[in-house]
Amino acid sequence: MGSIGSLYRSSVGKKSIMAASGLLLSLFLLTHLLGNSVSFLGRDAFNAYAEKLHSLGGLVYVFEIGLLTLFLIHIITGIILYVENLQARPARYSVNTAEGGRSWGSRTMPYTGVIIIVFIIVHLLNFHFTDKSVPVADLVRGLLSRPPLALFYIVSLLAVALHLSHGAWSLFQSIGFNHDKYNGVLLKGALAFSILVGTVFILIPVLALVSRSFLL
Amino acid sequence: MSDIHLTLKIWRQEGPDAPGRLQTYASGPISTDMSFLEMLDVLNERLTGEGEEPVAFDHDCREGICGMCGAVVNGHPHGPEKETTLCQLHMRHFKDGDTLVIEPFRARAFRIEKDLVVDRSGLDKMITAGGFVSVNTGGAPDANAIPIPQKNAEEAMDAAACIGCGACVAACPNASAMLFVAAKVSHLSLLPQGHPERARRALDMVREMDELGFGNCSNERECEAACPKGISIRNIARLNREFLKAAILSDED
Ligand code: HEM
Ligand code: SF4
Ligand code: FES
């Protein structure tokens, strides 16, 4: 025993893979958040930060491949779990009433997940597969000052926050960490983390929309 | 006590492969001192008198300890009262004129036998797969020969309160049986007598659970809220821990 393959055949193993990939994606999100926060320091700082990042060259490439792999693992496992869960109750109830355990975040995990996939594709087309000679500050302003696109970013980032409001607690439960002493802190911490991530990311399209001086 | 009158919409299904449907009945006068199952008894007596097939439902102890009863009432397994089995649910919790939709527990792994009766032998199969300790019989050991921390004894006792009713499966949006399996794995792995087989047990019970076609746990917490014995999802975390430790570190497979 001990191989990922055999873990993958079991429900608990799949959930632990969901949790591990979700945790790593959340950590990536945190670094992305810190990076984006440089934009609040002004145009020059943000452009310099982006330059610095690109100058890392090969390292960035390795990081991108790793991230893509994580996303694929998380997405494929998520889809398998979703389909298996649907099949586990072929006949639905005539009356569905929640017992009070589910949250908005937990009920919408697969749907917020799908929104995130669409978002990532659009986001990569906007900022990754694009003309890299344009300074990043101009790129951000140019794209996110357009109301429809800014709105799409805001809605998608709300979906990310909702996904995390459940996921950031759930991952601990999945890997077996739930203790009287810490569970309250974890539940509140997950909510706080999702609100922090949501707010800081959303601030960028909002500022690009309403502020005349942002990144200029 | 006063009587109430209810509209009952009950799932009627002749057999596992027959199509089912909700049929509406007027309850007639129901004493608020009755239990939910007594209310069904009254209905069944009337139906029998009228030459109609009575509603099939499971029950045994009617004291909330055997785990035989159970149906979904207005979307709630065992009805709307917290930590109460259907047999212990009193009709005083309902109001005159209420409409109650009564359905069987639904899951792929729980085949409907008839009306509200479902085949929950999957729960027994999971116990057979690993929910036991193998102890040879012999002379009775001295009491307190094996020291057990008080906290462990209490947590094991809490987990052992599971009556195997299957309401957790019925309540779970994914029809997962994790709370049931977690209760049993916790109960045994918290006690020294359960330690020799703990890795085997976690692996075998989870494998059986998956093979029987129960869903995966999404940590929705609906099971905990529906459980008539208040089994906590902390037991599910313990099961996850036991399983991952066994799958990654133990020699068992
Ligand atoms: C920003 C990227 C993402 C992050 C940080 C993230 C994070 C997480 C975390 C922490 C969990 C909890 C894992 C657990 O319950 O143990 C989770 C669950 C889940 N994620 Fe994501 N996720 C992301 C993107 C996606 C995408 C693109 C999908 C699309 C399929 C997705 C689908 C799911 C599903 C369906 C679950 C629930 C699995 C279950 O409990 O059955 N996620 N995610
Ligand atoms: S865990 Fe609770 S709901 Fe599930 S079988 Fe045991 S007593 Fe019933
Ligand atoms: S009939 Fe025994 S628990 Fe309800």
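The values are calculated or read from the model by the stated rules, or taken from the named source; none is laboratory data. Everything quoted here is computed from the prediction, not taken from an experiment. Neighbour counts run over all protein chains shown; Cβ positions are idealised from the backbone, glycine included. Surface areas here come from the heavy atoms of the whole protein model, side chains and all, with no ligands, DNA or RNA. Shrake-Rupley method; radii C 1.70, N 1.55, O 1.52, S 1.80 Å.
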Radius of gyration and Dmax over the Cα atoms of chain A, both given in Å: 19.4, 60
Per residue solvent-accessible surface (Å²) - the range A:4-50, probe of 1.4 Å: 44
Inter-chain Cβ neighbour average for residues B:206-212, partner chain, 10 Å: 3
Translational diffusion coefficient (Stokes-Einstein; Kirkwood radius from C-alpha pairs) of the range A:135-216 at 10 °C, 1.306 mPa s, in µm²/s: 112
Under the Debye formula (equal points on every Cα, no solvent term), log10 I(q)/I(0) of the range B:3-111 at q = 0.19 Å⁻¹: -1.03
The range B:138-253, accessible area per residue, ligands and nucleic acids excluded (1.4 Å, Å²): 40
Candidate lysines - alpha carbon under 16 Å from B:Lys229, same-chain residues fewer than 8 apart omitted: B:Lys82, B:Lys184
Magnitude of the charge dipole, the range B:3-111, Cβ model with Lys/Arg +1 and Asp/Glu -1, debye to 20: 480
Radius of gyration, Dmax [chain B; alpha carbons; angstrom]: 20.4, 64
Fluctuation leader among A:Gly57, A:Gly101, A:Gly142 - chain A, Gaussian network, Cα springs under 10 angstrom: A:Gly101
Net lengthening on full extension, B:His93/B:Ile65 (0.36 nm per residue, minus Cα-Cα): 8.0 nm
Relative contact order of the range B:1-94, defined on C-alpha pairs under 8 angstrom at six or more residues apart (%): 25
Crossing angle, helix B:150-160 versus chain B [Cα axis fit, 0-90 degrees, rounded to tens]: 40
Per-peptide average of other Cβ atoms within 10 Å, ordering A:105-118, B:75-88, A:161-174 highest first: A:161-174, B:75-88, A:105-118
Between B and A, accessible area buried - total, square angstrom, nearest 100, 1.4 angstrom probe: 3800
10 Å Cβ neighbours from other chains, averaged over peptide B:231-241: 4
Cβ crowding within 10 Å averaged over residues, with B:136-144, A:27-35 ranked highest first: A:27-35, B:136-144
Gained length - A:Tyr8 relative to A:Arg146, 0.36 nm times residue gap less alpha-carbon distance: 45.3 nm
Test item: A:170-181 mean partner chain Cβ contacts at 10 Å: 5
Surface share of carbon and sulfur [accessible, 1.4 angstrom probe, percent] for the protein assembly as shown: 62
When the convex hull of its Cα atoms is projected in every direction, mean area for the protein assembly as shown (nm²): 29.2
